[in-house]
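Visitor: This is the structure I want to talk about, given as C-alpha cells.
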Amino acid sequence: MKEKHINKKDVHWQKITAYCAYQERCHKEVREKLYALGLYKNDVEQYISRLIEENYVNEQRFAEQFTGGKFRSKQWGRQKIVYALRQKNISAYCIDKALQQIDDVAYLNTLQHLACKKWDSMPKNMPIHLRKQKVIPYLLQKGYENELIKKIIIDLADK
C-alpha cells in the first residue's frame, strides 16, 4: 500500500483559512497564529499576502466588526475601542472609518444608560460629590470622552 504524502503547506493553509473563516481576524492575529504553527518569516508573509488576495483577511472589515461588537456587547466608548485597535496595529484610516459606524445618538444613549445605572446603584443618601467620584472613573474606564461624561454628570447631579 502506498502512503499518502501530506503536504505541510496544504495543512497549514487549511488551518489558517479555517482560523480566518471562523471570525474576522487582523493581520497581527493571523501572523501570530502562523508563527505559532512553526512557520518562518518568509512563509508567514507569503501566507498573509495570499489571505489578503483571497479576502480571508481584511483590516477594514475587521476594524468595523470589532468596533461594532465592542460597542454593542461590551458598551465600550470610542477611546477604549481606539486603544484596542491600535494594540492590534490597525491603521489610523481603518480606525477612523470603523468609528464612523457608531451612531452618535446610540453612543450618547449608551453613555447615558451606563451613567444612570451606576448612579442609581449607589445608596440614595450618598453625597453627590462621592457619587461623582465613583461614576466618572467608571465611565472613563469604559472609554468614554471626558467632555461627554461631564455633561451627563451635570444632568444626573441636577436631578
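Visitor: Would you please list the contacts, defined by Cβ atoms under 7 Å and residues six or more apart or on different chains, that run from a residue in the stretch 106-125 that is closer than 14 Å to TYR144 by Cβ to a residue that is hydroxyl-bearing (Ser, Thr, Tyr) and open to solvent by less than 20 Å² (accessible area, probe 1.4 Å)?
Guide: What qualifies is LEU111/TYR144.
Visitor: Mind telling me which of the residues ILE128, ILE81, ILE102 ends up being of a type in the set (Val, Ile, Thr), surrounded by 12 or more Cβ atoms within 10 Å (Cβ to Cβ) and either farther than 30 Å from LYS28 by Cα or in contact with a strand residue (DSSP E or B) (Cβ under 7 Å, 6 or more places away or on another chain) (or both)?
Guide: Answer to the selection: ILE128.
Visitor: Here's something else I'd like to know. Could you please find all residues in the stretch 138-149 being farther than 18 Å from SER73 by Cα and either modelled with pLDDT under 95 or open to solvent by less than 70 Å² (accessible area, probe 1.4 Å) (or both)?
Guide: GLU145, ASN146, LEU148, ILE149
Visitor: May I pose another question? Going by the structure shown, is ILE52 open to solvent by less than 50 Å² (accessible area, probe 1.4 Å) and part of a helix (DSSP H, G or I)?
Guide: No, not satisfied.
Visitor: Follow-up question, since we're still on this one. Taking the stretch 15-38 as the search range and keeping residues that are aliphatic (A, V, I, L, M) and farther than 16 Å from GLU53 by Cβ, which one is farthest from the chain's Cα centre (by Cα)? Quick ask: steps written out before the conclusion?
Guide: Filtering the stretch 15-38 down to residues aliphatic (A, V, I, L, M) leaves 16, 18, 21, 30, 34, 36-37.
Narrowing the set further to residues that are farther than 16 Å from GLU53 by Cβ leaves 18, 36-37.
Values: ALA18: 21, ALA36: 22, LEU37: 25 Å.
Among them, the one singled out is LEU37.
Visitor: Filter the stretch 13-49 down to the residues that are without any contact (Cβ under 8 Å) to a residue 24 or more places away in the chain, touching a helix residue (DSSP H, G or I) at 6+ places or on another chain (Cβ under 7 Å) and among the aromatic types (Phe, Trp, Tyr), then identify the one that is most open to solvent (accessible area, probe 1.4 Å).
Guide: TYR35
The values are calculated or read from the model by the stated rules, or taken from the named source; none is laboratory data. Being a predicted model, the structure only gives us computed values, none of them experimental. Here Cβ is always computed from backbone atoms with ideal geometry, including for glycine, and neighbour counts include all displayed protein chains. Note: accessible area is taken over every heavy atom of the protein model, side chains too, but ligands, DNA and RNA are not part of it. Shrake-Rupley method; radii C 1.70, N 1.55, O 1.52, S 1.80 Å.
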